[in-house]
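To start, the structure under review is shown below, and the notes come after it.
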Amino acid sequence: MEQHVIKSYAKINLGLWVTEKRPDGYHNIVTVFHKIGLYDTITIKPNLTFQVLTIGEEIEERNNILYRVKELVEKKFGVTVNEKVEIFKRIPVGSGLGGASSNAAYYLKYLNEKLSLRLTTKELIEIGKEIGSDVPFFLLGENAAIATGRGEILEPVKSKFNFPLIVGLPKCKIITRFAYESFDRIGKFSKFLEAYRKATKIAEALEGNDLQTLQSEIENDFEEIATTYCGEIMEIKETLYALGAIISSLSGSGSALYGIFDRMIFLENYGDKLIPTSFLEME
């Protein structure tokens, strides 16, 4: 039986600023996305019907984002998609690492090739915008990008950043909608121009593999909200600094954090809370 296996990579946010609430209820942000080496494995097999199974995380099948991808592709291109899709989840749900968006993007890229749709990256991104705000980033060939709007307006960055990276995974989950509702109650909007200046500096630091500049610019407007909701976030952050992290910050609206180090370190007895990974190179 023919099957396809896809690696669906996670992302982190190197800085995240919320600049305003939009009339449509969403929020405008400024951030720098970077793909990292942590990934889910998607295995696709022929099937008489469309079926999605997740292993490692409990996700109700019909709520899986891949149904949105399937239905959108069928509607736009008049095709039928029947496959058994198994997702081995290493990227936790509610972690701010973009697992669902990544799954959607990599599956969409697979369908583009399998069904010979011949969509360009630009055309794929237009479809990705209809699926979710973070999906377009994972459709880029570049491994990093400045993102504005809801996160779908992208300026690719040719990152050469290669310092050691550890991702911290608290047990708590923070659903994006909850994070933004909490931000609307107690958060403070950032000024767009100042946030964009910082994001540009971060992009330059990635292109120049410059850890010092990166350290001075990274902030996350959700960090106070996330740490109030989940005390374990601060514990993991303190652990990362104690291990020698030069930078530690929340990814997205949480709950995952990351630590960036100036040298490799040996991890022992941290189980699945701290995961050594890497900044992904160009795909």
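Since every read-out is calculated from the coordinates, none of them should be taken as a lab result. Here the structure is a predicted model, which means the values were calculated and not measured. With ideal geometry, Cβ positions are generated from the backbone for all residues, glycine too; neighbour counts draw on all protein chains shown.
Pairs of Lys residues in region 131-276 that lie 8 or more places apart, or on two chains, and have C-alpha atoms under 23 angstrom apart add up to 15. In terms of Cα atoms, the Rg and Dmax of region 166-278 work out to 14.8, 43 Å. Largest first, the three principal axis extents of the alpha carbons in region 1-158 are 48, 33, 32 Å in whole numbers. Sites listed here are GluC sites (Glu not before Pro) in region 1-71 whose DSSP assignment is loop and whose Cβ has at most 14 other Cβ atoms within 10 Å: Glu2, Glu58, Glu60. Annotation: lysines with alpha-carbon distance below 30 angstrom to Lys45 (same-chain offsets under eight excluded): Lys7, Lys11, Lys35, Lys70, Lys75, Lys76, Lys84, Lys89, Lys109, Lys114, Lys122, Lys129. Provide the net charge surrounding Ser101, with neighbours chosen by a C-beta distance below 14 Å and charges set as Lys +1, Arg +1, Asp -1, Glu -1. That works out to +3.
Each label point was placed 7 Å from the Cα along the Cα-to-Cβ direction; for Val79 and Gln3 their separation is 2.2 nm.
Of the peptides 148-155, 75-82, 162-169, 99-106, the order by per-residue mean of other Cβ atoms within 10 Å, starting with the highest, comes out as 99-106, 162-169, 148-155, 75-82. Computed from the C-beta positions of Thr213 and Glu60, the FRET efficiency with R₀ = 45 Å rounds to 0.55. Spin-label model, Asn269 to Glu194: label points 7 Å out along the Cα-to-beta-carbon direction sit 4.3 nm apart. Just so you know, the Rg over Rh for region 169-209 is 1.16, from Cα atoms, with Rh as the Kirkwood radius. Distance between Cα centroids, region 217-268 to region 104-137: provide it in whole Å. Cα centroid of region 217-268 versus Cα centroid of region 104-137: 31 Å apart. Within region 204-283, the trypsin sites (Lys or Arg not before Pro) that combine a DSSP coil assignment with at most 11 other C-beta atoms in a 10 angstrom radius are Arg263. Put simply, the C-alpha atoms of the chain give a gyration tensor, and the ellipsoid matching it has half-axes of 30, 21, 19 Å, longest first.
The alpha-carbon positions of region 216-283 define a convex hull whose volume is 122 Å³ per residue. The sum of -39500 (n - 2.57) across all DSSP H runs of n ≥ 4, divided by the residue count of the chain, sets its helix-only mean residue ellipticity at 222 nm to -10500 deg cm²/dmol.
In loop segments of region 91-137 as defined by DSSP, the trypsin sites (Lys or Arg not before Pro) with at most 10 further C-beta atoms inside 10 Å of their C-beta are Arg118. What the Cα atoms of region 195-239 give is an Rg and a Dmax of 13.2, 36 Å.
What net charge do the residues around Val18 carry, taking every other residue with its C-beta under 10 Å from that of Val18, with Lys and Arg at +1 and Asp and Glu at -1? Summing Lys/Arg as +1 and Asp/Glu as -1 gives -1.
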